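Okay, structure first, notes after.
The values are calculated or read from the model by the stated rules, or taken from the named source; none is laboratory data. Remember, it's a predicted structure, so these values are computed and weren't measured experimentally. Cβ: placed from backbone, ideal geometry, glycine included. Neighbour counts: every protein chain shown.
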Amino acid sequence: MRTDGLYPQILGPRIRLLAVNVNGMHNRIHPPFAAVVDRLDKLAADGPLQDRSMKVTLRIILRSDGTVERAEVQRSSGASPF
């Protein structure tokens, strides 16, 4: 996470805490996500889940202790397995 630009102006000294929280989330999310990507790579090259233009937008709300309060899909890719 970059610590230059706008965020330090808004968060001040809390920027480091945010960076630690984001890094922790990344470290917890990455292994299961990587497993999904590995499975997708094994699917047919012309299959519908190989469309790299598909995107999903998630909204994740964190509590002050770093735990997830709520996570929701704000924009679906249109493919329920994805």
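Worth a mention:
- His26 vs. criteria closer than 23 Å to Arg14 by Cα and either in the same structural domain as Arg14 (by TED's automatic domain parsing) or surrounded by 10 or more Cβ atoms within 10 Å (Cβ to Cβ) (or both): yes
- Residue match in the range 43-59 (condition: on the phi < 0 side of the Ramachandran plot, within 14 Å of the chain's Cα centre (by Cα), β-branched (Val, Ile, Thr) and at pLDDT 85 or above): yes
- The residue pairs whose first member lies in the range 21-42 and is assigned to a helix (DSSP H, G or I), whose second member is charged (D, E, K, R), and whose beta carbons are closer than 6 Å, counting only pairs six or more residues apart or on different chains, do not exist in this structure.
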